[in-house]
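Engineer: One structure, pasted below without further comment.
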Amino acid sequence: MSHPSPAQPWYRGAPPRAWRALGAAGAGWALDAFDFVLYLMAIPAIRAEFGLGPEMAGLLATAALLSSAVGGVFFGWVADRIGRTRALMATILLYSLASLGSATAASVWQLFAWRALLGLGMGGEWSAGAVLVAESWPAAHRGKAIGLMQSGWAVGYLLAAATAALVLPLWGWRVLFVLGVAPALLVVWIRRRVEEPEIWRERAATATGETGIRALAAPGLRGRLAAATLLSAVVMFGYWGLFTWVPAYLASGGAEGGVGLGIVRSLGWIAPMQIGAFAGYLSFGFFADRFGRRPAFASFLLGAAVVVPLFGAFARTPILLLLLAPLVGYFGHGFFSVFGALLAELFPTEVRGTAQGLAYNGGRALSALAPFTIGAIAASQGLGPALALTAAFFLAGALLVLLVPETRGRELA
């Protein structure tokens, strides 16, 4: 793998195949976000059709998060066995078809089943895509590459918001989910253009040791896995508790503790928040490569712990929304860019996909009750105060990052 000279721009420090890997994983993650966020945008319409309270609506989001943990672990193992690109293609097909199936749901429990199936692909896409990017890029710029990949979530979120604003008022939520099958087309390009990382091909050709979950029971790896899983669980509880309910918070009336913008106007305010998220994902990678994974992570989480309560308490006017929404997006999303680089650097190639899948998605499983919990609190306290409570989890994450070692500049083994 080529390395840049000091005078060379950072983006020339990786070969074309690394950029294709980044394009595949980033596009897959963006379209993953598109399919998942379609449900968040459709929550008010689905609640009206099926007569759901906020607890049950949150439970449908929880179903996808729980199954995403299973999918992340499973497809991480699959990526170690058959390759990163093959696993990535399988996950994209799975979540695309599950979105299409969601449009056919005739009952809440059918919708529950389809959202759970979508979650399998959602969790698996990150496990396969993040390790593909991490193994394709040099250590000096791995954080930037992962930040670029992670920024696809903001792009997909914005695309889902724009699509929902156009489709929901005219054709309803079922047509919205039909459009979620579109990401399946990406698989054709990945199959033709994206190569397996060189380090994985070499290890696959010579592997003789134990792989999979049992290999992670080794003392050195076991502690790292436990610390990384706990860290991801805490920050994801805050994240999913907050961002599952932000669209409903903006759309709902004052009686529910919301801003009262209505579904169409509220979607317009998603844009500044996700623009902030996009900037957060990108800048985090530069900060992490320059200052280290842990300092960048802690700084972003402390920022989130400050701005989220302000958003939940005061974001009631257009001026305050314009000021606070981009900051919530920036600090509340940007820290996710650490996971792809940090987790890859903690574990060896033979078990990297499995380990990343377990740590990231195991944390997601432990955090899966966040949408339900925040929905239940909102039912009695209102959405604004319920969202503000998620700040405690961001603050805890800023402290827990001290449990994992600093890995900036570490070459993959």
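Engineer: Examine region 123-139 for a residue that is assigned to a helix (DSSP H, G or I), modelled with pLDDT under 90 and in contact with a Ser or Thr (Cβ under 7 Å, 6 or more places away or on another chain), and state whether such a residue exists.
Structural biologist: Yes: one or more hits.
Engineer: Touching a residue at least 24 places away in the same chain (Cβ under 8 Å), surrounded by fewer than 24 Cβ atoms within 10 Å (Cβ to Cβ) and of a type in the set (A, V, I, L, M): which single residue out of A79, A45, A134 fits that description?
Structural biologist: A45
Engineer: Can you tell me which residues in region 94-131 are surrounded by 19 or more Cβ atoms within 10 Å (Cβ to Cβ) and of a type in the set (S, T, N, Q)?
Structural biologist: Selection gives S96, S99, S102, S127.
Engineer: Return yes or no: is V178 over 14 Å from L22 (Cα atoms), β-branched (V, I, T) and over 20 Å from the mean Cα position of the chain (by Cα)? Walk me through it before giving the result.
Structural biologist: On the way: over 14 Å from L22 (Cα atoms): yes; β-branched (V, I, T): yes; over 20 Å from the mean Cα position of the chain (by Cα): yes.
The answer is yes for V178.
Engineer: Out of the residues in region 156-190 that are within 17 Å of P247 (Cβ to Cβ), among the hydrophobic types (A, V, I, L, M, F, W, C) and out of contact with any Leu (no Cβ under 9 Å at 6 or more places or on another chain), state the one that is modelled with the highest pLDDT.
Structural biologist: Ranking the qualifying residues of region 156-190, first place goes to L166.
Engineer: Let me ask another. Among residues belonging to region 311-336 that are among the hydrophobic types (A, V, I, L, M, F, W, C) and closer than 22 Å to A233 by Cβ, point out the one that is modelled with the highest pLDDT.
Structural biologist: For region 311-336, the residue satisfying everything is F331.
Engineer: Answer yes or no: is there a residue in region 8-22 that is surrounded by 21 or more Cβ atoms within 10 Å (Cβ to Cβ), modelled with pLDDT of 90 or more and not hydrophobic (A, V, I, L, M, F, W, C).
Structural biologist: Scanning region 8-22, I find no residue that is surrounded by 21 or more Cβ atoms within 10 Å (Cβ to Cβ), modelled with pLDDT of 90 or more and not hydrophobic (A, V, I, L, M, F, W, C), so the answer is no.
Engineer: While we're on this one: What single numbered condition from (1) farther than 29 Å from L66 by Cβ; (2) at pLDDT 90 or above; (3) charged (D, E, K, R); (4) over 22 Å from the mean Cα position of the chain (by Cα) fails to hold for R203?
Structural biologist: (2)
The values are calculated or read from the model by the stated rules, or taken from the named source; none is laboratory data. On a predicted model such as this, the values are computed, not experimentally measured, just so you know. Please note: Cβ atoms are built from the backbone with ideal geometry, for glycine as well, and neighbour counts cover all protein chains shown.
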